[in-house]
């Protein structure tokens, strides 16, 4: 099977080394050209070079698949300069993990419970019914006949993650992105480490199951006796995954209802529980009977501080109708702006944010936003974000945003796919 | 007093398991037949009815574990639906799983057993035969369902798997990863390669190349040689006729 992750560090380093060599070549080319260019041309050449950096690095990461790919995906939300070809590649391969063969599945269960699957469960399907982040999910039945979803982790994934992150770090360090990306990588490492700790995930799931309490939203009950670091067992939710459901072409009112549930759980999690299901991959949403929404896979959960949430509540209003002074006061509080920037730069930054505000404000213009009527909404936003990137020297990253933006973006993508009318305006931000 | 076959089997099992314990605690050299029989509650002389030497107990241990693997694999639901790769992988994992409680004993005895070609060839051969029979069964099943084409030199392939098995156990003995996941990944990846080669009929293709060269070169030479022989025969005939 060609889609196996190259696991040995040697092989992965070779791929990494190749990428590094390519990047190095590009720098030499730039340096050789530099003396013959005038100032404007020099600037442009440098910009091209930066673009090339990103391209080479991401090409390398895509080749490595597995966790390196996941890191690349997460980073791609941050680096809006990444060429679209690579972005498409990254999005296509979302959650693409190598399948775990049946022998390995047995081995994981055996070494976790000192029992074979036949002894542990009444029935156990050796073939997985769904892929999960860094693992796969099998259907089983306990001796009382209760249907269970058993998630199994790919053996040795922890070390692969460690190696991959180390490699990405060493690739990024010599590039102009380092200042931005390295703190973000730290955040990514934390989340990935949590994601492979299935006991942590069990805890997260139970937290949401006990606290979210929303009508129409179902969170599976964790079966603690069948849980270990690498095996997570929950109640099985009968239904269809969101993308399958969408492809069955459901009527508009049902789409709108599902979108409302998705948005509702996002708002309640963020503003009340201050804790977010931060993996808005359509595979993690199950459409059950009566259009109930099942939420699964709480591996990637992001918790926020009270202060951050209080600040975040004001972000939309400030962006949409704030004055220049409001903007800068806000940016300072959020700790994203560098302390010393001159007036000219301030004006530039303000203009950019105005633009973002105008774009984002469209969501709040009327009571509901119709994603069907604005199919280019996300594309436009991306373009504006890319423009922001040229002012990157005035900013410093706030890692809190990485997963929040990712979740937001993911949800909008889903709304777009659903072609739904969603009530984006909400009492938390607008109350 | 005559004892039943059942009892005999039980005694045999007991001797093996006690010998393993003693060897783990005291090492191979200090574990004497007398100590083993005493611990097993069997007469000093009676133990020789079961095993002529201490080494024989070691061999019996590995033989028993192979038999247990077969039993365990038989109990797996829908094992027949597993691919060749998965069946082979399950077999190796099952072996390691059975070895696990006695890992220290395996570390102590494995090389002694599996690299003792000249001394204990007969006993080792028995283990190897059981092993190769298991591999053969798995292969035959894969050929029956057309997963792989019939292979030339199947015997040689089974021998290669025997060497591979020894390699796996040694790798596992040196594996320090959590739940020995490195060994699992190693087995997974190496089997992935070898099964792809088997599916593609690599051995058959190599054989084809060899036979092509053989036919083209060797047989041609033979043909030339035959013509020369014919010429000699012709000359000989001529000579005989003329000298009549």
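The values are calculated or read from the model by the stated rules, or taken from the named source; none is laboratory data. Just so you know, these numbers come straight off a predicted model, no measurement behind them. Note that we place each Cβ from the backbone using ideal geometry, even for glycine, and neighbour counts take in every protein chain shown.
Overview of values
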read-out	value
Single match in B:236, B:215, B:199 (criterion: farther than 30 Å from residue B:86 by Cβ and at pLDDT 75 or above)	B:236
The one condition in (1) buried (at least 18 other Cβ atoms within 10 Å of the Cβ); (2) under 18 Å from residue A:262 (Cβ atoms) that residue A:327 fails to fulfil	(2)
Given (1) exposed (fewer than 15 other Cβ atoms within 10 Å of the Cβ); (2) assigned by TED's automatic domain parsing to the domain that holds residue B:191; (3) in a helix (DSSP H, G or I), number of the condition residue B:77 does not satisfy	(3)
Test: residue in region A:227-235 that is free of Cβ contacts under 8 Å to residues at least 40 places away in the same chain and buried (at least 21 other Cβ atoms within 10 Å of the Cβ)	yes
Test: residue in region A:236-247 that is on the phi > 0 side of the Ramachandran plot, away from chain B (no Cβ under 14 Å) and modelled with pLDDT of 90 or more	yes
Residue A:398, sole failed condition from (1) within 30 Å of residue A:255 (Cβ to Cβ); (2) not in a helix (DSSP H, G or I)	(1)
Condition check for residue B:110: crowded, with 18+ Cβ neighbours inside 10 Å, under 16 Å from the mean Cα position of the chain (by Cα) and within 14 Å of chain A (Cβ to nearest Cβ)	no
Top-ranked residue of region A:129-152 - restricted to ones that are in contact with a helix residue (DSSP H, G or I) (Cβ under 9 Å, 6 or more places away or on another chain) and at pLDDT below 90, ranked as farthest from the other protein chains (Cβ to nearest Cβ)	A:130
Pick from region B:80-97, criterion surrounded by 18 or more Cβ atoms within 10 Å (Cβ to Cβ) and more than 9 Å from chain A (Cβ to nearest Cβ), ranking: farthest from residue B:148 (Cα to Cα)	B:95
Residue check, residue A:383 surrounded by fewer than 17 Cβ atoms within 10 Å (Cβ to Cβ), out of contact with any strand residue (DSSP E or B) (no Cβ under 7 Å at 6 or more places or on another chain), touching a residue at least 24 places away in the same chain (Cβ under 8 Å) and under 29 Å from residue A:243 (Cα atoms)	no
Among the candidates A:182, A:148, A:139, A:134, residue that is farther than 17 Å from residue B:178 by Cβ, under 21 Å from the mean Cα position of the chain (by Cα) and not assigned by TED's automatic domain parsing to the domain that holds residue A:297	A:182
Members of region A:100-117 found to be outside any loop (DSSP other than H, G, I, E, B) and at the interface with another protein chain (Cβ under 7 Å from one of its Cβ atoms), listed by number	A:102, A:103, A:104, A:106, A:107, A:110, A:111
Top-ranked residue in region A:285-303 [being out of contact with any strand residue (DSSP E or B) (no Cβ under 7 Å at 6 or more places or on another chain) and surrounded by fewer than 23 Cβ atoms within 10 Å (Cβ to Cβ); ranked as nearest to residue A:401 (Cα to Cα)]	A:291
Residue within region A:300-307 that is outside the structural domain of residue A:128 (by TED's automatic domain parsing), in contact with a helix residue (DSSP H, G or I) (Cβ under 7 Å, 6 or more places away or on another chain) and in a helix (DSSP H, G or I) present	no
Residue in region B:58-71 that is closer than 30 Å to residue B:197 by Cα, assigned to a helix (DSSP H, G or I), within 14 Å of chain A (Cβ to nearest Cβ) and in contact with a helix residue (DSSP H, G or I) (Cβ under 9 Å, 6 or more places away or on another chain) present	yes
Residue in region B:170-192 that is touching a helix residue (DSSP H, G or I) at 6+ places or on another chain (Cβ under 9 Å), more than 14 Å from chain A (Cβ to nearest Cβ) and surrounded by 11 or more Cβ atoms within 10 Å (Cβ to Cβ) present	yes
Scope region B:1-35; condition surrounded by 12 or more Cβ atoms within 10 Å (Cβ to Cβ) and more than 15 Å from residue B:105 (Cα to Cα); matching residues	B:8, B:10, B:11, B:12, B:13, B:14, B:32, B:33, B:35
